[in-house]
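Here is the structure we will look at, set down as structure tokens.
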Amino acid sequence: MTTQNMHAGLLIGEFLAQQGVKFLYTLCGGHISPILTGAEEHGIRVIDTRHEATAVFAADATARLTGVPGVAAVTAGPGLTNTITALKNAQMAQSPLILFGGATATLLKGRGALQDIDQMPLIEPHVKYTKAITKVREIIPALREGFRIAQEGVPGPVFLELPINVLYPEAIVRQWSLDTAGKGKDLGSRAFRTFLNFHTSRTFRNAWQERGGELIEPVVKLPTVDELQKVVDVLKEAKSPVLVVGSQAMLTPSKVDQLQKGLLSLGIPTYLSGMARGLLGRNDLHIRHKRSSALREADVVILAGVPADFRMGYGRTIPRKATYISINRSKKELRLNRKPTIGVNADAGAFLRMLSANWTEPANKWASWHAQLLGRDAARDAEIAETANQKTSYANPVSVMQKLEGQIGANSVLIGDGGDFVATASYVVRPRQPLRWLDPGAFGTLGAGGGFALAAQLVYPDAEVWLIYGDGSAGYSIAEFDTFTRHNLPVIAVIGTDGSWAQIAREQVEILGTPLGTELARTDYHIVGAGYGAHGILVEDDSQVKAAITEAKACREQGRPVVMNVQIGETDFRKGSISM
């Protein structure tokens, strides 16, 4: 292609392809069309969604599953403002992604152009790096910097603003300038045309000299030999250690198998959270229940990529007499709410891999302690089974999850988007492999499910992708079944329909005596899904659940997405579980 026909989208597409980007998520807009066509020209699959937030959620999930920064592009103004919740979610989940935002032409900013707002102050608090590009030759250097910053240290999102006059071909931009200037022959009009011509020349000067480049890989901070030895020495003396592994340990997906082997060789009873769920498969080293009790009894507690935030009782569940070891890329999270006995500012995954390489003790060193924790797991599973046997109106939600656990495939990806129903699933349904569980993370965001499922089915095209929705959260992104249908992505949604924002209602009714604002209708979500091209299934009692799951799996094999609308009753399974 000659430079006469070049546009900046082709530069962007070429660079993204060189960085290993496979998918670009978007909701179209005239400001950003060259980015989409340029990406497609370089073999990147462009996936258009029904909401801009979905595009960013999908980019977030893609980064988590692949280790390559996810990429999304949205148009100016409301297109960009629609992404802010998803951007903040990615920031708090420490996901590296690049967001391209369109903008009005440089010279029209602040003059009342369509969708023109001051975008940077809105975005800056939620990203690691921003760059407002004004010349074509700035694009590739900004991309290099953006990819580096997104991945280094504590990963996170990056925003690049691209005005329309930078993205489109020079000849078209010049014509737009002439149209703007008009045909007046007075001195002022001629001077304005001269200025516009000069401005366009400056925008495109040396435009195509900066091209692509080498793969930008993150520099990962490793622990020192002394830091590793301190932890080895502590563990050799430990009688009841507990390891908690979080999402940050999974930031290098290519080394997850090594991490799994390392944990098995260490033999420390292990709790998994966030993206680390599924890391140990079905191995009994993974302890699933009564984490707070185990922490209170431990003499050594290791938090690997996990901050002592609300999920860890703000550090209060770790006894003062225990040796508390924290490994975290973030200096702030390393010491959040509780100063560790040993703090290691390094990558948690690398630390655990290196620790296992320096460990010479037998893997069954803590067999008695491990057996005690497994006994608690078994007792809790028995309690859950008892709850599943309780008779409720409609289907028992715990029983639904038990049946799902018994029928999902070995390659399944599980996605949680909701409150009460999804939290119930987290106790019962277990991912079979690493990197097969996705939930929003610390921000507790509803609405991520559609984007997460989109990314999971693209990254793992042969996997069963199970999107577990509450009926409240389903309202945020059920329209993405249109996206799944158009792009031939056979996602299966299981919606727990109880006509309620149940996680809130349970405590609100007891404390304040009213369900105000928490009541929903038992909507025909299976019909809604069918309207978007999915296969809809209605389940009204426990006896229908197994057959419905079998039907959903069969439809998936035929390449069709599925919406299972499971009418569920009320249990007291999670009473008193609200988080603050």
| task | Among what's in the stretch 173-191 and is hydrophobic (A, V, I, L, M, F, W, C) and surrounded by 12 or more Cβ atoms within 10 Å (Cβ to Cβ), pick the residue that is modelled with the lowest pLDDT. | result | Ala181
| message | Please determine whether any residue of the stretch 241-259 is more than 28 Å from Glu152 (Cα to Cα) and at pLDDT 90 or above. | response | yes
| Does the stretch 158-180 contain any residue that is in contact with a Gly (Cβ under 6 Å, 6 or more places away or on another chain), outside any helix (DSSP H, G or I), in contact (Cβ under 8 Å) with a residue 60 or more places away in the chain and charged (D, E, K, R)? | yes
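Hey, can you tell me all the residues within the stretch 261-275 that are free of Cβ contacts under 8 Å to residues at least 60 places away in the same chain and either hydrophobic (A, V, I, L, M, F, W, C) or under 21 Å from Val232 (Cα atoms) (or both)?
Initial filter on the stretch 261-275 (free of Cβ contacts under 8 Å to residues at least 60 places away in the same chain): 270-273.
If the condition is that a residue be free of Cβ contacts under 8 Å to residues at least 60 places away in the same chain and either hydrophobic (A, V, I, L, M, F, W, C) or under 21 Å from Val232 (Cα atoms) (or both), then Thr270, Tyr271, Leu272 are the ones that fit.
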| field | Lone unmet requirement of (1) modelled with pLDDT of 95 or more; (2) within 22 Å of Pro34 (Cα to Cα); (3) surrounded by fewer than 17 Cβ atoms within 10 Å (Cβ to Cβ) for Ala113 | value | (1)
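If we only count strands (runs of 3 or more DSSP E) wholly inside the stretch 484-580, which ones have 1 or more residues that are more than 20 Å from Ser426 (Cα to Cα) and aromatic (Phe, Trp, Tyr)?
Working: elements: 492-497, 535-539, 562-567.
Those strands (runs of 3 or more DSSP E) do not exist here; none qualify.
Which of the residues belonging to the stretch 308-327 are in contact (Cβ under 8 Å) with a residue 40 or more places away in the chain and not hydrophobic (A, V, I, L, M, F, W, C)? Steps first, please.
Of the residues in the stretch 308-327, the ones in contact (Cβ under 8 Å) with a residue 40 or more places away in the chain are 309-312, 323, 325, 327.
Correct list: Asp309, Arg311, Thr323.
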| message | For Leu467, only one of the following conditions fails: (1) buried (at least 21 other Cβ atoms within 10 Å of the Cβ); (2) under 27 Å from Leu27 (Cα atoms); (3) at pLDDT below 95. What is its number? | response | (3)
| remark: The lone condition Lys331 fails out of (1) surrounded by 15 or more Cβ atoms within 10 Å (Cβ to Cβ); (2) within 33 Å of the chain's Cα centre (by Cα) is (1)
| Given the conditions (1) surrounded by fewer than 21 Cβ atoms within 10 Å (Cβ to Cβ); (2) in contact (Cβ under 8 Å) with a residue 40 or more places away in the chain; (3) out of contact with any strand residue (DSSP E or B) (no Cβ under 6 Å at 6 or more places or on another chain); (4) closer than 24 Å to Val173 by Cβ, and given that Leu143 satisfies all but one, which numbered condition is not satisfied? | (1)
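When you look at Trp437, is it touching a residue at least 24 places away in the same chain (Cβ under 8 Å) and not assigned by TED's automatic domain parsing to the domain that holds Ala474, yes or no?
Values: touching a residue at least 24 places away in the same chain (Cβ under 8 Å): yes; not assigned by TED's automatic domain parsing to the domain that holds Ala474: no.
The answer is no for Trp437.
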| task | Only residues that are at pLDDT 95 or above and among the basic types (Lys, Arg): list them for the stretch 517-576, please. | result | Arg522, Lys546, Lys553, Arg556, Arg560
| If you take the residues of the stretch 317-342 that are in contact with a helix residue (DSSP H, G or I) (Cβ under 7 Å, 6 or more places away or on another chain) and aliphatic (A, V, I, L, M), which of them is modelled with the lowest pLDDT? | Ile318
| note | Within the stretch 198-242, residues part of a loop (DSSP other than H, G, I, E, B) and farther than 25 Å from Ala17 by Cβ come out as Arg205, Lys221, Leu222, Pro223, Thr224, Ala238, Lys239, Ser240
| remark: Apart from one, (1) at pLDDT 95 or above; (2) surrounded by fewer than 18 Cβ atoms within 10 Å (Cβ to Cβ); (3) not β-branched (Val, Ile, Thr) all hold for Cys28; the odd one out is (1)
| said: Name the residue that is surrounded by the most Cβ atoms within 10 Å (Cβ to Cβ), counting only residues in the stretch 490-546 that are of a type in the set (Ser, Thr, Tyr) and within 22 Å of Lys403 (Cα to Cα). | reply: Thr497
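Given the residues Arg111, Arg45, Arg64, which is the only one that is more than 28 Å from Ile172 (Cβ to Cβ) and in the same structural domain as Arg144 (by TED's automatic domain parsing)? Talk me through it step by step, then tell me what you get.
On the way: Arg111 fails: more than 28 Å from Ile172 (Cβ to Cβ); Arg45 fails: more than 28 Å from Ile172 (Cβ to Cβ).
Going through Arg111, Arg45, Arg64 in turn, just one is more than 28 Å from Ile172 (Cβ to Cβ) and in the same structural domain as Arg144 (by TED's automatic domain parsing): Arg64.
Report, by residue number, each residue of the stretch 195-220 that is exposed (fewer than 15 other Cβ atoms within 10 Å of the Cβ) and closer than 30 Å to Leu251 by Cα.
Going residue by residue through the stretch 195-220, those that are exposed (fewer than 15 other Cβ atoms within 10 Å of the Cβ) are 195, 197-198, 201-202, 205-206, 208-209, 211, 214-215, 217, 219.
Listed by number, the residues that qualify are Arg211, Glu214, Leu215, Glu217, Val219.
Determine if the stretch 121-131 includes at least one residue that is in a loop (DSSP other than H, G, I, E, B) and at pLDDT 95 or above.
For the stretch 121-131, residues in a loop (DSSP other than H, G, I, E, B) and at pLDDT 95 or above: present.
Are there helices (runs of 4 or more DSSP H) fully within the stretch 377-472 with at least 3 residues that are on the phi > 0 side of the Ramachandran plot and touching a Ser or Thr at 6+ places or on another chain (Cβ under 6 Å)? List them.
On the way: elements: 397-407, 420-428, 449-459.
In the stretch 377-472, there are no helices (runs of 4 or more DSSP H) which contain 3 or more residues that are on the phi > 0 side of the Ramachandran plot and touching a Ser or Thr at 6+ places or on another chain (Cβ under 6 Å).
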| task | Scan the stretch 438-449 and give yes if some residue there is within 22 Å of Ile287 (Cβ to Cβ), within 17 Å of the chain's Cα centre (by Cα) and of a type in the set (Asp, Glu), otherwise no. | result | yes
| Where residues in the stretch 294-316 are in contact with a helix residue (DSSP H, G or I) (Cβ under 7 Å, 6 or more places away or on another chain) and at pLDDT below 90, which of them is surrounded by the fewest Cβ atoms within 10 Å (Cβ to Cβ)? | Gly313
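The values are calculated or read from the model by the stated rules, or taken from the named source; none is laboratory data. Everything quoted here is computed from the prediction, not taken from an experiment. For neighbour counting, all protein chains shown are included, and Cβ atoms are generated from backbone atoms with ideal geometry for every residue, glycine included.
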